[in-house]
Structure formats: C-alpha cells, structure tokens
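The structure under discussion appears below in the form of structure tokens.
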Amino acid sequence: MPKIPELITPRKKTRKVKVGSLYVGGDAPVTVQSMTTTPTHDINATLQQIAELTAAGCDIVRVAVPRKEDADALKIIAMKSPIPVIADIHFQPNYVFQAIDAGCAGVRVNPGNIRKFDDQVGEIAKAAGDAGVALRIGVNAGSLEPSLLEKYGRPTAEALVESAVWEASLFEEHGFHEFGISVKHNDPVVMVKAYRMLSERGDWPLHLGVTEAGPAFQGTIKSAVAFGSLLADGIGDTIRVSLSAPPVEEIKVGLQILQSLNLRERRLEIVSCPSCGRAQVDVYTLAESVQEGLKHLTVPIRVAVMGCVVNGPGEAREADLGVASGNGKGQIFVKGEVIRTVPESEIVETLIAEAERIAADMPRD
Ligand code: SF4
C-alpha cells in the first residue's frame, strides 16, 4: 500500500482545466512551470532549453511571443516540445489566434493589455474553446489598468483581484471557463493577500507567482515563503518561481517547495546537521559530496549526514541511511542500525554504494 502523504491543509477544490496532456486544478497534482529565455524564433535553441527544463522536472513551459517571427515559430515548438507549451502574449490579439492554430496547449493573456481588444474577447473565447486550448489570465502588478491604479493608488491586492475578476467575467460572459488566473506581485505579502482574496471569489485554478522575485537567493526565499504560505492553506494549482537565474534553477526550487509540503514525492532528501563546535568532520563538504553523488537516484531516499555521534544515531534511525562522524571515522547506519564503521575518506563512497543498494531493492511503479 503506498503511503498517503500528509498535507497541512487539504487542497481547495478548483475547476480542472486541461492544458495539453496535463490538467491544472481539481485533483490534478500541483504542476511546476518555467519560461524559456531564448528568443522564441530561435527554434532549435528554444527546443533545447525546453528539453533541459523537461529533464529537470518542468511540467509546463511558457514561451514569449513578442514578434511575428516568434508567433511563426510556435507551430514547430508546440509540435516538438515534450511538455505542454503556453504562448505568452501581451499586445497582439492576432498572435493569440496564431498560437491557438499552432497547437499551443495554452495562451497567457494580460488584462492590463487585453482591455485594448475587449471586442475580441468573444472571438478568442470561441477559438480557444473550439481548439480545446486553455487560457491564463495573468494579472501583474507592473501592468495594471490605469483606472485601477487611479482607484487604488498603487497595485494593491484588492486592485489585482478586481482586475482578475473583471477579466474572468469577460470570458465567462462568452461561456468560456477553461482558464486559470494569476495575480502576481513582487512583494510576497501583497501577493499572498491577493491570492487568498481571489481564492475566496471563485473556483478558478490558480497559478502562483511572485513576479520579479530577484536573484536566485532572494527569489528562492521570497517564492518559498509566499508559495509555502498559500500551498499550506490549500491554495495553488500550478507554480512558477521567477528568478534572475537560468530557468532550470526555477524548476529545482519549485520542485523542492512542493516536495517540502508533500505535494510531490520526496526524492533524495539529505538530513544534514548545521555543524557546531562538536563536529569532528567538515559537514558542509560531506553533505555536498553526498548530495552530488546521489543526485542521479530517482527513488525517495532520506540520508542523514551528521557531524558527530550526539544526534547521529537518533537522526539516522529516522533515515534510510546515515553517517555519524567522529575520530576520523564514520559510523554508517542503515534503518537506524550501525552496519559498519569506515575511515573518513571512505564515508562518501560507502554512502553512495549503500544508497544504490537500497534504491535497487525499492519497489518501482
Ligand atoms: Fe553539532 Fe553533532 Fe549536532 Fe552536528 S550532530 S550540530 S556536530 S552536535
């Protein structure tokens, strides 16, 4: 019997929307997205980056479509991409129709810009509905309608939500419901407030994002805090971590956030101590080496790396495998039992060998 992971709060039941071969919302797993950084019209470079993102665990990829040549490239990209492709379109309604015709799984539209083509909402809804293409209403603090900025003074959570609900109503008036919504802001506090409010207003699947979250360190923490807060409350159906860093890094962070909340199966988990004055080994290097040596494993495995024997046996008992170091040696634990003691120089290779042996004995799907 597979173990049912414990969640802090059950996920809020949202509408289930088909995005290519996947679903977003409802009982579908929370998906992880990123966006390519290559010029979309450079088809080979874009497909190469999509392949790298897919290998890293990306579920859905978004590509920017600022120019005609980018829109022209969508057909081949959508056909050859192993994961659903979303076309990100701001100002040109014609590209929306082109993306739908090209076989994209979805199109992201921005209310701050779509107001310029209100009269085409019905046509977009019809084309997307006929083709089975999902939309995302992507409200962004940086491109809010001037009337809302005037009303609220700045892009507050209330302003973001009003924009999103208004835009949703435009599509719903045309009988179109296959869309999700995002209300992104660079301030996690405003962002969390906006998503909580929006979640109360309807059952739309929600795409979480802290926009322009910053360089990797700051952006990771902002996203983890904001997504963690919402996902722990059951809010959020798909996530995109925005970092000023290569997009594969966004996927790694996104997956780690989901794994930390049991919304994804935990894979390799290193339980390593912070080290202290009692440490008799370089814990930082040891933990990094073990992580690097085991990153190829695809089964859930928990490895404890402890700097001394004080907490080593206790942590190791909870782990599949562990080491407690001291006196130039490492006590190797498997399921809490010491199986052998090895010289410090052999700790990493012994842990890797034992982890591979444990992984080989694990049942596969
Ligand atoms: Fe310090 Fe030992 Fe705890 Fe590591 S396991 S933090 S070295 S007491």
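The values are calculated or read from the model by the stated rules, or taken from the named source; none is laboratory data. Note that this is a predicted model, so its numbers are computed, not measured. Counting neighbours? That spans all protein chains shown, and the Cβs are built from the backbone with ideal geometry, glycine included. To get the accessible areas, we keep the full protein, side chains included, count just its heavy atoms, and leave off ligands, DNA and RNA. Shrake-Rupley method; radii C 1.70, N 1.55, O 1.52, S 1.80 Å.
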Could you give me the ³J(HN,Hα) list for region 299-305, computed from phi with Karplus coefficients 6.51, -1.76, 1.60 and θ = phi - 60°, whole Hz, x at Gly and Pro? 9, x, 8, 10, 10, 8, 10
May I ask you to evaluate 6.51 cos²θ - 1.76 cosθ + 1.60, the Karplus curve with θ = phi - 60°, for each residue of region 266-278 and list the ³J(HN,Hα) values in order in whole Hz, giving x for glycine and proline? 6, 9, 5, 10, 9, 9, 10, 7, x, 6, 6, x, 8
Quick one: net charge around HIS185, please, counting Lys, Arg +1 and Asp, Glu -1 for every other residue with C-beta under 11 Å from its C-beta. +2
Output the peptides 233-242, 326-335, 92-101 sorted from most to least packed, where packing is the average of other Cβ atoms within 10 Å over each peptide's residues. 233-242, 92-101, 326-335
Could you please report the charge total around ALA157, scoring K, R as +1 and D, E as -1 over all other residues with beta-carbon less than 10 angstrom from its beta-carbon? -1
What ranking, highest mean first, results for peptides 196-205, 16-25, 148-157 when packing means the other Cβ atoms within 10 Å averaged over each residue? 16-25, 196-205, 148-157
Rounded to the nearest 10, the angle in degrees between the Cα long axis of helix 216-232 and the longest principal axis of the Cα atoms of the chain comes to 80 degrees
Once you've got the GNM for the chain with C-alpha springs shorter than 10 Å, pick whichever of CYS104, CYS58, CYS276 has the biggest mean-square fluctuation. CYS276
Would you grab the residues whose amide H sits under 5 Å from the one on ILE339? Only those 5+ places off in sequence or on another chain, please, with H modelled 1.01 Å from N. ILE332, PHE333, VAL334
Restricting to Cα pairs below 8 Å that are 6+ residues apart, what does the relative contact order work out to for region 1-134? Please round to a whole percent. 21 percent
With a 10 Å cut-off between alpha carbons and a GNM built on the chain, which of ARG67, ARG11, ARG266 moves the most? ARG67
Accessible surface of region 177-320, 1.4 Å probe, proportion on carbon and sulfur as whole %: 53 percent
The FRET efficiency for ARG67 and ASP119, from their Cβ-Cβ distance with R0 = 22 Å and rounded to 0.05, is 0.40
Exposure of MET79 as accessible area (Å², to 10), given a probe of 1.4 Å and all protein chains: 140 Å²
Round to a whole angstrom and tell me the spacing of the C-alpha centers of region 289-353 and region 12-72. 38 Å
Residues whose placed amide H lies under 5 Å from that of LYS329, excluding near-sequence neighbours: GLU344
In whole Hz, what ³J(HN,Hα) sequence does region 192-198 give by Karplus (6.51, -1.76, 1.60; θ = phi - 60°), x for Gly and Pro? 4, 4, 4, 5, 4, 5, 5
